[in-house]
1. Taking the conditions exactly as written (within 14 Å of ligand 1 (Cβ to nearest atom), touching a residue at least 24 places away in the same chain (Cβ under 8 Å) and within 16 Å of the chain's Cα centre (by Cα)), does Val149 satisfy them or not?
2. Being buried (at least 21 other Cβ atoms within 10 Å of the Cβ) and within 21 Å of the chain's Cα centre (by Cα) is the filter here; which residues of the range 83-100 pass it?
3. Select from the range 175-188 the residues that are under 20 Å from Gly217 (Cα atoms) and within 17 Å of the chain's Cα centre (by Cα) and write down the one among them that is farthest from ligand 2 (Cβ to nearest atom).
4. State all residues of the range 193-203 that are of a type outside the set (A, V, I, L, M, F, W, C), farther than 15 Å from Glu239 by Cα and either buried (at least 17 other Cβ atoms within 10 Å of the Cβ) or in contact with a helix residue (DSSP H, G or I) (Cβ under 6 Å, 6 or more places away or on another chain) (or both); if no residue qualifies, say none.
5. Restricting attention to the range 235-244, does a residue exist that is within 25 Å of Glu290 (Cα to Cα) and buried (at least 17 other Cβ atoms within 10 Å of the Cβ)?
6. Hey, does the range 207-225 have a residue that's in contact with a Phe, Trp or Tyr (Cβ under 9 Å, 6 or more places away or on another chain), over 17 Å from Ser279 (Cα atoms) and surrounded by fewer than 17 Cβ atoms within 10 Å (Cβ to Cβ)?
7. Just to be sure I understand the filter: pairs with C-beta atoms under 7 Å, separated by 6 or more residues or on different chains, first member in the range 109-123 and more than 14 Å from Glu156 (Cβ to Cβ), second member part of a helix (DSSP H, G or I) and within 13 Å of ligand 1 (Cβ to nearest atom). Which pairs pass?
8. Restricting to the range 252-277, name every residue that is more than 24 Å from Asn152 (Cβ to Cβ) and within 13 Å of ligand 1 (Cβ to nearest atom).
Amino acid sequence: MTPNLRKDITILAIESSCDDTAAAILHNGKILANEVAGQKIHELYGGIVPELASRAHQQNILPVVAIALKTAGIDKNQLSAIAYTKGPGLIGSLMVGCSFAKSMAQALNIPLIGVHHMQAHVLAHFIDEPKPSFPFLCLTVSGGHTQIVKMNDYFEGAILGKTIDDASGEAFDKSAKILGLPYPGGPLIDKYAQSGNPKAFPFPAPNMPGLDYSFSGLKTSFLYFIQKQLVLNPKFIEENLNDLCASIQHAIIKHLMKKIILAAEQTGIKQIALAGGVSANSSLRNILMEEGQKRNWQTYIPAFEYCTDNAAMIAMAAYYKFVKQDFEMLECAPFAR
Ligand code: KG4
Ligand code: ZN
């Protein structure tokens, strides 16, 4: 269902839920600019330091928005609305984006649109063709969430399964930390795994009933295994890095795939999408496509720039909210969980 719109809609969207300061410009459903400033500082600490993240957002937000407007060739007076991520995320980081968006909407006297971060990850599938039609299943895998969502409409969905402890992105990042790799470790595990044997070290697949996930046991067994091996051979990690990355990645993906296959069987839905930062993982993308071919699914895998946190997905979700005239009140724009 593509909305029938008579008037031009131009939206500036801001994403600041975690450690990326991002701004995007959308014009009538098309992304004209998608800018992001990452924060290298957290690499030093092996994870995100919330206080440093909000300070960096404060420094980055103005230049990132200015670059997005310039790239899109849009003057701020042409904007129809300002969108921002209203959660979930780090409260200090969210507040920077929210305050900026609110002030700009107030100054320009245009509507403010609050977007749920996880909904935006799913709606990133509506940026480019081919777009899924409803209903579809989305395996949403990020640093803070792991969910199987049945999407019935743009803003109507049901969570069929979710992690009861760590998110899959956390499982990647914590395993990487155990191996002495810097934060965020997911992309590095992906890189080293490409030259490794996924069956070199078999890690036990989590045994969860139904469609829920659990990753904390897998992480602990990985930790204990490495600790034991290091006692026998202090060079164990460096001598086996590729195989260790390939093996832990294989265990995480096996668990992710088992439940999405079950969800597809239970619902009879054959349109399967992947979203969130972990959807940038090369092996997960390949395995989902291969499984899709075997099972006659239509698979939807986002372009790399729309996998990890970005403002284009916020803009896309905001576009559908604009169509519904679903705006925030400027006096009170609450955060979302
Ligand atoms: O969606 P996202 O950018 O932020 C959250 O909403 O959390 O996801 C970040 C997560 C991190 O855990 C990061 O390690 C993981 O996505 N990630 C990856 C890859 N690229 C990012 N995990 C595995 N393989 C990748 N290539
Ligand atoms: Zn995210």
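1. No, not satisfied.
2. Of everything in the range 83-100, those that are buried (at least 21 other Cβ atoms within 10 Å of the Cβ) and within 21 Å of the chain's Cα centre (by Cα) turn out to be Ala83, Tyr84, Thr85, Lys86, Gly89, Leu90, Ser93, Leu94, Val96, Gly97, Cys98.
3. Within the range 175-188, the match that is farthest from ligand 2 (Cβ to nearest atom) is Gly185.
4. Pro198
5. Yes: the range 235-244 contains one or more residues that are within 25 Å of Glu290 (Cα to Cα) and buried (at least 17 other Cβ atoms within 10 Å of the Cβ).
6. Among the residues of the range 207-225, at least one is in contact with a Phe, Trp or Tyr (Cβ under 9 Å, 6 or more places away or on another chain), over 17 Å from Ser279 (Cα atoms) and surrounded by fewer than 17 Cβ atoms within 10 Å (Cβ to Cβ), which makes the answer yes.
7. Val115/Ile314; Ala120/Met313; Ala120/Ile314; His121/Met313
8. Ile252, Ile253, Gly277
The values are calculated or read from the model by the stated rules, or taken from the named source; none is laboratory data. Just so it is clear, the model here is predicted, and its values are computed rather than measured. Every residue, glycine among them, receives a Cβ derived from its backbone with ideal geometry; neighbour counts consider all protein chains shown.
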